[in-house]
Amino acid sequence: MVAQIDHPAFAPGRTAVITGGAAGIGLAVARRLAAAGMRLWLADRQAPAEGVVDELRAAGAGEVAVRQVDVASAGDLISLQQDVFARSGEVGLLMNNAAVGGSRGPSWASLDGWTRAISVNLMGVAHGVCALTQAMIDSDQPGVI
């Protein structure tokens, strides 16, 4: 049995934006939110596996949109925000979930690995918050980040 989520941001018909939503924890959360009847935006560098969108719709998602996004790019998140609000009108949940691991080998051997990890794991969250928070506030609906 799955516990009910008791917050108005998670109500049927509300919109969830999940970065890193194509696989792993992001996709697991998307499955749970689909069962709650939410509209889903999966934002990821990769496309979800074949059949995932149909699975989420069958599970109860009101709408499922997939968008290729690199959270290391502030412009990608601003464009996502514009598309989400133009199509869905609001966001109840922003889940800044996208992440990458470090470089292969010892951490001191690759500055590129550090740069990518910080660009995605830290700045990706900042880009998501900066791009979507004010629009979420302006919608005057309960929301969770």
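The values are calculated or read from the model by the stated rules, or taken from the named source; none is laboratory data. Computed from a prediction, not measured in an experiment: that's the story for all the values here. Cβ: placed from backbone, ideal geometry, glycine included. Neighbour counts: every protein chain shown. Protein only, heavy atoms only, side chains kept; ligands, DNA and RNA dropped before computing areas. Shrake-Rupley method; radii C 1.70, N 1.55, O 1.52, S 1.80 Å.
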message: For a quick check of your reading of the model, give me the residue pairs whose first member lies in region 113-133 and is under 14 Å from LEU80 (Cβ atoms), whose second is open to solvent by 60 Å² or more (accessible area, probe 1.4 Å) and β-branched (Val, Ile, Thr), with beta-carbon atoms closer than 7 Å and at least 6 apart or on different chains.
response: VAL129/ILE145; ALA131/ILE78; THR133/ILE145
message: Restricting to region 11-34, name every residue that is outside any loop (DSSP other than H, G, I, E, B) and in contact with a helix residue (DSSP H, G or I) (Cβ under 9 Å, 6 or more places away or on another chain).
response: THR15, ALA16, VAL17, ILE18, THR19, LEU27, ALA30, ARG31, LEU33, ALA34
query: Considering only region 87-127, how many residues are farther than 15 Å from ALA43 by Cβ, touching a strand residue (DSSP E or B) at 6+ places or on another chain (Cβ under 9 Å) and surrounded by 15 or more Cβ atoms within 10 Å (Cβ to Cβ)?
result: 2
message: Please pick out the residue among ALA98, ALA126, ALA135, ALA131 that is under 25 Å from PHE10 (Cα atoms), small (Gly, Ala, Ser), in contact with a helix residue (DSSP H, G or I) (Cβ under 9 Å, 6 or more places away or on another chain) and not in a helix (DSSP H, G or I).
response: ALA98
- request: Mind listing whichever residues of region 39-62 are under 17 Å from GLY92 (Cα atoms) and either in contact with a His (Cβ under 7 Å, 6 or more places away or on another chain) or open to solvent by less than 30 Å² (accessible area, probe 1.4 Å) (or both)?
  value: LEU40, TRP41, LEU42, ALA43, ALA61
